[in-house]
Amino acid sequence: MVRKGGLLYSERPAGLLRKGGFFTPKYALVPLLGVFANLMMLLGVIVLSFKAGGSTSRDTTMALVMVLIWLIIGIIWFIFNTRNRGHEIFVPNQRRPHELDDFNDLN
(Lines give C-alpha, C1' and ligand atoms only; values in the text may rest on other atoms or scores of the structure.)
Protein backbone atom coordinates (compact mmCIF):
# COMPACT_ATOMS: atom_id res chain seq x y z
CA MET A 1 0.00 0.00 0.00
CA VAL A 2 1.21 3.47 -0.87
CA ARG A 3 0.12 6.80 0.52
CA LYS A 4 -0.30 9.51 -2.11
CA GLY A 5 -2.29 12.68 -1.68
CA GLY A 6 -3.70 11.54 1.65
CA LEU A 7 -5.22 8.39 0.14
CA LEU A 8 -4.03 4.84 0.49
CA TYR A 9 -4.06 2.80 -2.66
CA SER A 10 -2.51 -0.33 -4.04
CA GLU A 11 -0.53 -0.34 -7.25
CA ARG A 12 -2.19 -3.63 -8.14
CA PRO A 13 -5.84 -4.18 -9.08
CA ALA A 14 -7.91 -5.83 -6.37
CA GLY A 15 -7.99 -9.17 -8.22
CA LEU A 16 -4.21 -9.38 -8.10
CA LEU A 17 -3.95 -8.87 -4.35
CA ARG A 18 -4.81 -12.49 -3.54
CA LYS A 19 -1.92 -14.81 -2.89
CA GLY A 20 -1.30 -17.69 -5.29
CA GLY A 21 -3.20 -20.82 -4.38
CA PHE A 22 -5.70 -18.95 -2.19
CA PHE A 23 -9.17 -20.16 -3.12
CA THR A 24 -12.55 -20.30 -1.49
CA PRO A 25 -15.74 -21.59 -3.11
CA LYS A 26 -17.30 -18.13 -3.10
CA TYR A 27 -14.85 -16.98 -5.79
CA ALA A 28 -16.28 -19.59 -8.16
CA LEU A 29 -19.79 -20.15 -6.81
CA VAL A 30 -21.01 -16.54 -6.61
CA PRO A 31 -20.06 -15.60 -10.20
CA LEU A 32 -21.48 -18.88 -11.53
CA LEU A 33 -24.75 -18.31 -9.70
CA GLY A 34 -24.85 -14.78 -11.14
CA VAL A 35 -24.35 -16.08 -14.69
CA PHE A 36 -27.05 -18.70 -14.14
CA ALA A 37 -29.51 -16.12 -12.77
CA ASN A 38 -28.87 -13.77 -15.70
CA LEU A 39 -29.37 -16.55 -18.25
CA MET A 40 -32.62 -17.63 -16.58
CA MET A 41 -33.91 -14.03 -16.62
CA LEU A 42 -32.99 -13.70 -20.30
CA LEU A 43 -34.74 -16.98 -21.10
CA GLY A 44 -37.81 -15.82 -19.17
CA VAL A 45 -38.01 -12.55 -21.10
CA ILE A 46 -37.65 -14.38 -24.44
CA VAL A 47 -40.26 -17.03 -23.57
CA LEU A 48 -42.73 -14.45 -22.29
CA SER A 49 -42.29 -12.30 -25.38
CA PHE A 50 -43.02 -15.29 -27.64
CA LYS A 51 -46.11 -16.17 -25.60
CA ALA A 52 -47.42 -12.61 -25.85
CA GLY A 53 -48.20 -13.14 -29.53
CA GLY A 54 -48.86 -10.45 -32.10
CA SER A 55 -46.09 -8.12 -33.11
CA THR A 56 -44.18 -8.80 -29.89
CA SER A 57 -43.26 -12.34 -30.92
CA ARG A 58 -42.35 -11.18 -34.44
CA ASP A 59 -40.17 -8.41 -33.00
CA THR A 60 -38.47 -10.90 -30.67
CA THR A 61 -37.70 -13.19 -33.60
CA MET A 62 -36.25 -10.29 -35.59
CA ALA A 63 -34.14 -9.18 -32.62
CA LEU A 64 -32.75 -12.70 -32.08
CA VAL A 65 -31.91 -13.01 -35.79
CA MET A 66 -30.10 -9.65 -35.68
CA VAL A 67 -28.15 -10.74 -32.60
CA LEU A 68 -27.17 -13.99 -34.33
CA ILE A 69 -26.02 -12.12 -37.46
CA TRP A 70 -24.03 -9.65 -35.34
CA LEU A 71 -22.44 -12.54 -33.42
CA ILE A 72 -21.38 -14.26 -36.67
CA ILE A 73 -19.94 -10.98 -38.02
CA GLY A 74 -18.04 -10.47 -34.75
CA ILE A 75 -16.57 -13.97 -34.79
CA ILE A 76 -15.49 -13.61 -38.43
CA TRP A 77 -13.92 -10.21 -37.70
CA PHE A 78 -12.11 -11.59 -34.64
CA ILE A 79 -10.66 -14.52 -36.59
CA PHE A 80 -9.46 -12.42 -39.54
CA ASN A 81 -8.18 -9.56 -37.36
CA THR A 82 -6.25 -11.94 -35.11
CA ARG A 83 -4.77 -13.76 -38.09
CA ASN A 84 -3.80 -10.52 -39.90
CA ARG A 85 -2.04 -9.14 -36.83
CA GLY A 86 -0.22 -12.41 -36.25
CA HIS A 87 -1.54 -12.81 -32.71
CA GLU A 88 -2.34 -16.06 -30.98
CA ILE A 89 -5.91 -16.64 -29.88
CA PHE A 90 -4.75 -18.73 -26.95
CA VAL A 91 -1.73 -17.23 -25.22
CA PRO A 92 0.93 -19.72 -24.07
CA ASN A 93 1.21 -20.25 -20.33
CA GLN A 94 3.36 -17.50 -18.80
CA ARG A 95 3.86 -16.09 -15.32
CA ARG A 96 0.53 -15.43 -13.69
CA PRO A 97 -0.25 -11.82 -12.67
CA HIS A 98 -0.25 -12.71 -8.94
CA GLU A 99 3.32 -14.01 -9.34
CA LEU A 100 4.64 -10.67 -10.62
CA ASP A 101 6.71 -8.57 -8.26
CA ASP A 102 5.48 -5.26 -9.64
CA PHE A 103 2.30 -4.31 -11.48
CA ASN A 104 4.44 -2.50 -14.05
CA ASP A 105 5.83 -5.87 -15.19
CA LEU A 106 2.52 -6.47 -16.98
CA ASN A 107 3.40 -3.91 -19.67
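The values are calculated or read from the model by the stated rules, or taken from the named source; none is laboratory data. Values in this document were obtained by computation on a predicted structure and should not be read as measured data. Positions of Cβ are generated from backbone atoms using ideal geometry, with glycine treated the same way; all protein chains shown enter the neighbour counts.
If you scan the stretch 1-35, which residues turn out to be at pLDDT 55 or above, surrounded by 10 or more Cβ atoms within 10 Å (Cβ to Cβ) and not hydrophobic (A, V, I, L, M, F, W, C)?
Result: 27, 31, 34.
Right, residue 61: β-branched (Val, Ile, Thr), modelled with pLDDT under 95 and in a helix (DSSP H, G or I) or not?
Values: β-branched (Val, Ile, Thr): yes; modelled with pLDDT under 95: yes; in a helix (DSSP H, G or I): yes.
So residue 61 fits the description; yes.
Which residue, of 81, 38, is touching a His at 6+ places or on another chain (Cβ under 9 Å), part of a helix (DSSP H, G or I), at pLDDT 85 or above and polar (S, T, N, Q)?
Working: 38 fails: touching a His at 6+ places or on another chain (Cβ under 9 Å).
Just one listed residue meets the conditions, 81.
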